[in-house]
Amino acid sequence: MIEVRDWRTTAAALEAARASGVAPVLVTPPDAASFYGAGYLGALQARALAEFPDVAFRLIVDCGDAPGHALACLRAGVKLISMNPPNDKVADIARQMGAELVRRPE
């Protein structure tokens, strides 16, 4: 697990993964959706996918305990979100949108 906070840390993690051939799990800080915003996090994921199409990575966006932030991230195209505590309704909506509610890695 590699914590990413912005494009600089994300790009560095993906460059290192490209060089080593490892498929990294990138995780935002706890409650990131509340202070970065869904649009920024969706754009971060989109840029990573566009600039590193050869790197198999997972980006997990932490939405804390806020279903509204989680839903906003899903609408922004984020594919992996985490919540604490998990929320069954959000998990169902995520599945319907081709995304997933996952447990935040330790």
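The values are calculated or read from the model by the stated rules, or taken from the named source; none is laboratory data. What you are looking at is a predicted structure, and each value in this text was computed from that prediction instead of being measured. Cβ placement follows ideal geometry from the backbone for every residue including glycine, while neighbour counts extend to all protein chains displayed.
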Residues that are assigned to a loop (DSSP other than H, G, I, E, B) and either modelled with pLDDT under 95 or exposed (fewer than 14 other Cβ atoms within 10 Å of the Cβ) (or both), drawn from region 1-18: Met1, Arg5, Asp6
Being surrounded by 15 or more Cβ atoms within 10 Å (Cβ to Cβ) and part of a helix (DSSP H, G or I) is the filter here, so list the residues in region 19-33 that pass it. Ala32, Ala33
Give the residue, chosen from Phe57, Phe52, that is within 24 Å of Ala11 (Cα to Cα) and crowded, with 19+ Cβ neighbours inside 10 Å. Phe57
Considering Val27, Val55, which residue is of a type outside the set (D, E, K, R) and farther than 14 Å from Arg5 by Cβ? Val55
Within region 63-106, restricting to residues that are assigned to a helix (DSSP H, G or I) and of a type in the set (D, E, K, R), the one that is surrounded by the most Cβ atoms within 10 Å (Cβ to Cβ) is Arg75
